[in-house]
Amino acid sequence: MEFADRLAFKLRADTLAESVTASLGAPGTGAKINKDAMRRLLETLPFTLRTEREMELYVWEKAPGGVEVLVLDNELPLFATEVEDVLLRRAPTLKEMLSIRNAVKILSDSDVVRMRRRDTVAEIRKRCLAELDLSFDETDVRELGARLVDALLGKDHARARETAALFALLLDLRPLPAAFAVPGATAWARALPETGKTRPFAGILLCAREGRALLWKEGPADLADEGVRKQLSAALAGERDGGADAATGEKAAEPLVRAVVAAHGLGQGRRAALAKD
């Protein structure tokens, strides 16, 4: 698997885990989790889906610590016990409930539940990334830059955005909140501490939704100011200087490549590794 593909795998796992976590409301509120995102996260691990008593059970018979069963519901309990025991505790039949011995198990599952909710999501994400090699060197970064340029020149906008997102991951940038959107661009940045009414961001990366341009602004900008956002949008369109490197053509990714090389201390044969956390 090439570095870009490994990086894309991490980004996908991170995005799915964040989506599930964001959908978790406070316990007891009845908030519905994003089951589709959780299913897609589980696809990368050797769990087997079983549907029993109207429950979705993900079973790992040969998990390192023994059999595990994850129940796909709003609590996301991860059990360390057999499926039959999970069924008894989560959806007992009338006959099972009449047993005094079973009643103790039905009333409490703390002896067999390893974790729930956010802890389960974090654990599944961790397992997805456990064997992933995220080490890289300058050559890997330049190949990623070439991939981005190829997408831009070919007007493959979806692929250009996907590759720009990989650069954002390498530079520890986050997608901009909708309130600070830059017109005509998909954007990532690093939030700085708020000062009064200002919302400064640095390391601002813009990828044109249409066209072939990228914009990289290293220094800070107050994106709470609509005028600043319009200025950046204009710079991306090549209309005027926005205090950033707006680039097109074969050199479009060069500012990003330089930024990643500098941020990770690459060059002269040195390698770096992206943190999995």
**Complete:** Reported set for region 247-273 where residues are among the aliphatic types (A, V, I, L, M), over 24 Å from residue 159 (Cα atoms) and in a loop (DSSP other than H, G, I, E, B) is 266
**Prompt:** Which of the following residues is among the hydrophobic types (A, V, I, L, M, F, W, C), in contact (Cβ under 8 Å) with a residue 40 or more places away in the chain and on the phi < 0 side of the Ramachandran plot: 206, 215, 153?
**Reply:** 153
**Asked** Can you tell me which residues in region 222-257 are modelled with pLDDT of 90 or more, within 22 Å of residue 7 (Cα to Cα) and in contact with a strand residue (DSSP E or B) (Cβ under 9 Å, 6 or more places away or on another chain)?
**Response** 253, 254, 255, 256
**Prompt:** Taking only pairs six or more apart or across chains, which ones have beta-carbon atoms under 8 Å, a first residue in region 1-26 that is part of a helix (DSSP H, G or I), and a second residue that is of a type in the set (S, T, N, Q) and crowded, with 19+ Cβ neighbours inside 10 Å?
**Reply:** 4/163
**Request:** Output the residues belonging to region 72-102 that are under 27 Å from residue 23 (Cα atoms) and of a type in the set (Asp, Glu).
**Result:** 73, 75
**Message:** So residue 179 ticks every box in (1) farther than 29 Å from residue 143 by Cβ; (2) over 22 Å from the mean Cα position of the chain (by Cα); (3) part of a helix (DSSP H, G or I) but one. Which box is left unticked?
**Reply:** (2)
**Complete:** Among the residues of region 57-114, the number that are aliphatic (A, V, I, L, M), surrounded by 15 or more Cβ atoms within 10 Å (Cβ to Cβ) and assigned to a loop (DSSP other than H, G, I, E, B) is 6
**Message:** Checking the condition surrounded by 15 or more Cβ atoms within 10 Å (Cβ to Cβ) and within 25 Å of the chain's Cα centre (by Cα), which residue from 247, 213, 262 passes?
**Reply:** 213
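The values are calculated or read from the model by the stated rules, or taken from the named source; none is laboratory data. All values derive from a computational prediction rather than experimental measurement. All Cβ positions, even for glycine, are placed from backbone atoms using ideal geometry, and neighbour counts span all protein chains on display.
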